[in-house]
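No value in this document is a laboratory result; all are computed from the given coordinates. On a predicted model such as this, the values are computed, not experimentally measured, just so you know. Virtual Cβ from ideal backbone geometry, glycine too; neighbours counted across all protein chains shown.
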Amino acid sequence: MKIADRIRMARRRAGLSQCRLAKQVGVVRSAVAQWERLGGPRPTSENMAKLACCCGVSYEWLATGRGQMVLSEDSEVMPVEIEFHLYAQCELERRLLTTFRSLQYPGNRGLVELLEALASGDNSSFDEPSGVSFNRPVALSHKIAGAA
């Protein structure tokens, strides 16, 4: 079975239209249609992971055709929550990933744009809460110089 067939089968099993799946993954409907077309382009690894999550199927099955389509309750595969250690380096990153994955497009895009703006120092469009500075962390050299 080709990847296009597996994507279509997973989407239909989940009861999703191409349009609805596209919104959940964060792409346009035509991207889903192209992925489902024989000989069409493959989704990126990131989009493949999103497809698997949205459709409730195994990433390995969707990407390669190997393994079970749907993991059973007694499967020895770790739940997604436990696999965060592969991606998140600390509890805050785990919380960020959990929040991001709970949002649907365009909410997840807005979160990324907010974080990118904060990281770049472009705080012109944000109101700082009282007592909070977006210009952190303070350089250690400033702390040391002030202590001397």
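Modelled label positions at K2 and R66, each set 7 Å beyond Cα in the direction of Cβ, lie 2.2 nm from each other.
Sorted into 10 angstrom bins from 0, the C-alpha pair distances of region 3-64 split as 26, 66, 7 percent. Around the amide H of Q104, modelled in the peptide plane, lies no amide H under 5 Å away from a residue 5 or more places distant or on another chain.
Computed FRET efficiency, Cβ-Cβ of E91 and R13, R0 41 Å: what is it to the nearest 0.05? The calculated FRET efficiency here is 0.75. The slack in the chain from N47 to T99, taken as 0.36 nm per residue of separation less the alpha-carbon distance, amounts to 17.0 nm.
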